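Notes follow the structure.
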Amino acid sequence: MKQAYQWNAYLAEALGTFLFFFIGIGAGYAVAGFVDPGEGAASAIIVAFAHGLTLMVMVSALGAVSGGHFNPAVTFGLWVAGKIDTVKGAGYVVAQLVGGFVAAALAWYVFSGFAGIESSMAVPALNENVNMLQGIVVEAAATMVLLVAVFGTAIDGRGPKIGGIAIGLAVTAGILMAGGLTGGALNPARWLDPALFAMQWDNALVWIIGPLLGAGIVAVAYRFLFLPEADQAAAE
């Protein structure tokens, strides 16, 4: 029975990541094809809320099965904090990457017939005024907000149990801030899967180092300073 639960968790991570990315990438294609190019703010809001609201639903609905990571940076952060073992964490990352790649491919299939739509539009990209180091800082900071929401509302038993609301809103806020600078991935898979499909690798370290660094910082802080276990260790 335990083994079945493990496989269910991996499938939940793949499914949740697929739906999260399909809606998010699809929203990006939709605003590129159907929204007036002059309405940049409206486009940013649409894309941010498409990602955030979908993640909110996925975490609330599938969190009981797998924990609702849907992001290698979240899995990495929980691994650093000692909340998931190495084998299960690696399995989660594989499931997330598979689900995300299928989402990138199917979103492209749906929108590929529209004029002006290119697969590269789904790949987060640096603003021409932002260098790689600045991009890493932006992605790390935005991901820190997400991980604070994860630890504070889903991991720490003292926090409010508000499902995926805080987590979804954290991603929405992160994309609203970072979208125009780095694409606002906050998630290595959100960059890698469409990049793999489009074969576009520019500034790859921004979306690998940035989210993992941000997740790692928050995970270390929670593990050694903020979680009840840290309080108990300090008292001893």
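Here are some notes:
- Per-peptide average of other Cβ atoms within 10 Å, ordering 46-53, 65-72 highest first: 65-72, 46-53
- DSSP-loop GluC sites (Glu not before Pro) across segment 118-214, with at most 12 other Cβ within 10 angstrom: 128
- FRET efficiency estimate (nearest 0.05) - Cβ-Cβ, residue 156 to residue 118, R0 45 angstrom: 0.60
- Counting only alpha carbon atoms, the long axis of helix 188-198 and the longest principal axis of the chain meet at about 30°.
- Check: the chain dipole with +1 on Lys, Arg Cβ and -1 on Asp, Glu Cβ, in debye: 520 debye
- Based on Cα contacts under 8 Å between residues 6+ apart, the chain shows a relative contact order of 28 percent.
- Estimated purely from DSSP H runs of n ≥ 4, each contributing -39500 (n - 2.57), the mean residue ellipticity at 222 nm for the chain is -24500 deg cm²/dmol once divided by its residues.
- Length gained on full extension, residue 205 to residue 42: 55.8 nm, using 0.36 nm per residue less the C-alpha separation.
- Within segment 155-203, the trypsin sites (Lys or Arg not before Pro) that combine a DSSP coil assignment with at most 15 other C-beta atoms in a 10 angstrom radius are 158, 161.
- Overall, segment 1-129 carries a charge dipole of about 560 debye about its Cα centre when +1 sits on the Cβ of Lys and Arg and -1 on the Cβ of Asp and Glu, all other atoms neutral.
- Extents of segment 2-235, taken as max minus min of Cα coordinates on every principal axis and listed largest first, are 61, 41, 29 Å.
- Shape of segment 42-85, Cα gyration tensor, a/c cut at 1.5: oblate
- Here the spin labels are modelled as points 7 Å beyond Cα on the Cα-Cβ line, and at residue 129 and residue 106 they lie 3.8 nm apart.
- Segment 24-94-segment 198-228 distance, computed between alpha-carbon centres (Å): 14 Å
Values in this text are rule-based calculations from the coordinates and carry no lab data. Keep in mind that this is a model prediction, so the values were computed, not measured. Using ideal geometry, Cβ is built from the backbone for each residue, glycine included, and neighbour counts are taken over all protein chains shown.
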